[in-house]
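Contents: one structure, followed by commentary.
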């Protein structure tokens, strides 16, 4: 534990609920805000299942699971996060939406509250500018699935104070994570390197360099990756990757971040990966088969 007492989480989608789970499991009183009770009831059910799996595997005691669930609270009112020591934002990659929430919380929260964004592609400085506490705004970029992935990128802007960065870094460690320091550049460390790799894999399929399964197999066996790039794209979500690539291309104006035409066509067709049932692979059958991409 750190000097952080109460944790607030904005958004309880896949990332937000994962962050809430690890915070509550680490001993923090955690309150999660989303726009409807239906959404957070679904999120709470997902957290309960996730914790149950950890108990089944012997990685978590049943008493610790019960204690973690007791520390979790949900709300539809942003103002209920006003007494938190740190607020972590995990809403859609939409700067206008994020900044509206930060601006509202900036008026409500005390001077000691840290604002931390889980953005994967937007700059933290663009959010800090929407507040009157630019020295207390930082990036805490978790990876999916949050309960299992060890890395957290702790992102410091030119205005983030040494104290804020230190508190955020210590908080990430207290969750059992391995934090790394990153500068406030779109994509930070991981996505700066990962996104061009994923886009190049799509281009390879587009140009007929290799088939979907052969590109995946080549990178798995040739580079020792746990999964191929196209399988990973389906897992992350093609719409998410497209949105991140667009943001990074706008930021850097480098062609390696430009979404390939095939990616755009697939997203427009609703082929967003596992969550839609079809991406580079068709998940309506078991095992999944290669999807028809019209190439």
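Could you go through the range 36-51 and let me know if any residue there is crowded, with 18+ Cβ neighbours inside 10 Å and touching a strand residue (DSSP E or B) at 6+ places or on another chain (Cβ under 6 Å). The answer is yes, given that some residue of the range 36-51 is crowded, with 18+ Cβ neighbours inside 10 Å and touching a strand residue (DSSP E or B) at 6+ places or on another chain (Cβ under 6 Å). Of note, residue 43 satisfies the criterion of being at pLDDT below 95, in a helix (DSSP H, G or I) and in the same structural domain as residue 97 (by TED's automatic domain parsing).
Is one or more of the residues making up the range 18-35 in contact (Cβ under 8 Å) with a residue 12 or more places away in the chain, surrounded by fewer than 19 Cβ atoms within 10 Å (Cβ to Cβ), closer than 22 Å to residue 92 by Cβ and in the same structural domain as residue 178 (by TED's automatic domain parsing)? Checked against the condition, which is being in contact (Cβ under 8 Å) with a residue 12 or more places away in the chain, surrounded by fewer than 19 Cβ atoms within 10 Å (Cβ to Cβ), closer than 22 Å to residue 92 by Cβ and in the same structural domain as residue 178 (by TED's automatic domain parsing), the range 18-35 yields at least one hit. Scanning the range 212-253 for residues that are buried (at least 17 other Cβ atoms within 10 Å of the Cβ) and closer than 15 Å to residue 275 by Cβ yields a count of 12. For the range 265-295, give me each residue that is surrounded by fewer than 15 Cβ atoms within 10 Å (Cβ to Cβ) and under 15 Å from residue 199 (Cα atoms). Matches in the range 265-295: 265 only.
The values are calculated or read from the model by the stated rules, or taken from the named source; none is laboratory data. No experiment lies behind these values; they were computed from the predicted model shown. Please note: Cβ atoms are built from the backbone with ideal geometry, for glycine as well, and neighbour counts cover all protein chains shown.
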